[in-house]
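Below: one structure, written as structure tokens.
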Amino acid sequence: MNFSCQFLGEVQDIAAQLDTEALERVASLLAKVREEEGRLFILGVGGSAANASHAVNDFRKIVGIETYAPTDNVSELTARTNDEGWATVFDSWLRVSRLRSRDGILVLSVGGGNLDKQISPNLVMALQYARSIGAKIMGIVGRDGGYTAKVADACVVIPTVNSSHITPHSEAFQAVIWHLLVSHPLLKATQTRWESV
């Protein structure tokens with residue numbers, strides 16, 4: 001078997017193992033955020049930050065939820081990192097945004113954050129703040145889901161089928177899953193262009 005066949009076989013295995021009940025819980029929570037006129041904040045670092053930026057567009061344009069990603073403002077992100085440190089960039093951003101209980105946090109992450117290992121501590125601190133406010137917490141994460149999976153109200157953990165490919169599969173399936181969500185009948189409010197012609 002060549003590498004392409006192996007990798008795509010892993011993709012099929014992951015898709016078959018996804019927890020559809022968890023997907024439905026995330027969809028329901030997102031619908032509640034919109035119904036309560038809350039905002040959605042999408043948090044991710046690295047490749048997940050790029051996914052967050054794309055997802056912001058889809059949740060705003062297709063679903064009709066006021067949505068933001070702190071990583072879209074590179075000036076504020078780097079100023080906060082420089083002046084206050086990396087661990088607090090999302091927490092302080094959410095405080096200035098006046099996070100409320102009717103708002104939602106969606107974490108896109110390979111590991112979900114882990115303070116002990118100092119991996120994505122900014123996600124952990126943001127989620128601690130979100131919990132204190134009572135905001136709705138959702139996640140699309142890989143591996144064991146880390147801190148996000150522990151505290152989320154609804155979380156999809158992307159199954160690990162090959163420990164050598166955790167990151168590429170996690171980041172790829174973030175896109176698959178958010179596209180599933182914006183296409184979900186509970187959420188889709190606007191027809192996408194190519195489906196309308």
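Every number in this text was worked out from the coordinates using simple rules, so none of it is lab data. Owing to the predicted nature of the structure, the values given are computational and were not obtained by experimental measurement. Positions of Cβ are backbone-derived with ideal geometry, glycine not excepted, and every protein chain shown enters the neighbour counts.
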### Task
Could you tally the net charge around Leu108, taking each other residue with its Cβ under 14 Å from the Cβ of Leu108, Lys/Arg +1 and Asp/Glu -1?
-2
### Query
Does a label point 7 Å from the Cα of Asp13, set along Cα-to-beta-carbon, have any residues of the stretch 153-187 with amide nitrogen under 11 Å, and which are they?
160-165
### Query
In what sequence do Glu66, Glu195 fall when counting other Cβ within 10 Å, fewest first?
Glu195, Glu66
### Query
How much mean residue ellipticity at 222 nm does the chain get from its helices, if each DSSP H run of length 4 or more adds -39500 (n - 2.57) and you divide by all residues, to the nearest 500 deg cm²/dmol?
-16000 deg cm²/dmol
### Task
Determine, for Met1, Met138, the number of other Cβ atoms within 10 Å of each Cβ, and report the residues in order from fewest to most.
Met1, Met138
### Message
Quick check on the stretch 52-153: take the gyration tensor over C-alpha atoms, sort the square-rooted eigenvalues as a ≥ b ≥ c, and tell me if it's rounded (a/c under 1.5), prolate or oblate.
### Response
rounded
### Query
Toward the positive end of the charge dipole of the stretch 12-186, about the Cα centre and with charges on Cβ (Lys, Arg +1; Asp, Glu -1), which of Leu18, Val89, Ala172 goes farthest?
Val89
### Summary
Put in order of increasing Cβ neighbours within 10 Å, starting from the fewest, Cys5, Cys155 give Cys5, Cys155
### Summary
Counting all Cα-Cα pairs in the chain, those more than 25 Å apart amount in percent to 33
### Query
Which of the lysines could a cross-linker bridge to Lys117, judged by Cα under 26 Å and excluding same-chain residues fewer than eight apart?
Lys136, Lys150
### Message
Per 0.36 nm of contour for each residue apart, how much would the distance between Glu36 and Arg95 grow if the chain were fully extended, relative to their Cα-Cα spacing?
### Response
19.3 nm
### Task
Give, to the nearest whole percent, the P(r) tail of the stretch 72-131 beyond 13 angstrom, counting all Cα pairs.
62
### Query
Considering only DSSP beta bridges whose two residues both sit in the stretch 100-197, what percent are antiparallel, to the nearest 5?
10
### Dipole magnitude of the chain, debye to nearest 20 (Cβ charges: Lys/Arg +1, Asp/Glu -1, about Cα centre)
400
### Summary
Note on the stretch 12-186, DSSP bridge orientation, antiparallel percent to nearest 5 equals 5
### Message
I'd like to know which of Val33, Val124, Phe59 lies farthest towards the positive end of the charge dipole of the stretch 1-142, counting +1 on Cβ of Lys and Arg and -1 on Cβ of Asp and Glu.
### Response
Val33
### Message
Regarding the stretch 3-76, what's the average projected area of the Cα-atom convex hull, expressed in nm²?
### Response
6.7
### Zone of Thr81's modelled label, taken as backbone nitrogen in the stretch 47-66 under 12 Å from a point 7 Å along Cα→Cβ
47, 49
